[in-house]
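Single-structure report; data block below.
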Amino acid sequence: MSIPTPIRHRDDFSRLLKARRGEKRLRQEDLANLNRMSRFTLTDAENGKADPKLSTMITLLRTLGLTLVAVPSEFADRVSVPQIDEPDDYDDIDDDLLMGGGGDGPA
């Protein structure tokens with residue numbers, strides 16, 4: 001999954017959670033155990049029957065290799081995300097953002 005996925009409703013989160021878990025080839029029980037929650041809690045989140053707390057959403061997404069990012073609505077359809085090949089690349093992206101985009105100092 002290399003494109004941003006807007007989460008506007010609980011159902012959007014449910015679909016993303018289920019799809020990403022499938023991509024990572026994790027069983028519900030495995031993902032639940034990794035996050036110290038019951039499989040029933042995860043099942044309810046995946047089926048849109050529960051409205052998980054923000055902290056739960058962030059934890060699940062992080063476990064699945066995703067990050068929750070808030071973007072102003074007027075820009076949401078134009079957001080692009082750089083391709084990240086290795087986890088170490090996250091540090092480079094943070095540095096680029098802090099340095100104004102080029103990584104060569106303040107813009």
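Just so it is clear, none of the values below were taken in a lab; they were calculated from the coordinates. Predicted model, so just to flag it, every value in this text is computed and none were measured. When we count neighbours, we look across all protein chains shown, and the Cβ atoms used for this are built from the backbone with ideal geometry, even at glycine.
How high is the relative contact order of the stretch 10-71, in percent, counting Cα pairs under 8 Å that sit 6 or more residues apart?
With pairs under 8 Å counted, the relative contact order is 35 percent.
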* Hey, how much of the P(r) for the stretch 10-71 falls beyond 18 Å, as a percent of Cα pairs? -> 22
* Hz values of 3J(HN,Hα) by residue in the stretch 54-59 - Karplus curve (6.51, -1.76, 1.60), Gly and Pro given as x -> 4, 4, 5, 4, 4, 5
* Apply 1/(1 + (r/R0)^6) to the Cβ-Cβ distance of Arg78 and Asn47, taking R0 = 35 Å, and write down the FRET efficiency to the nearest 0.05. => 0.65
* Stretchable slack from Leu68 to Ser55, in nm (0.36 nm times residue separation minus alpha-carbon distance) -> 3.6 nm
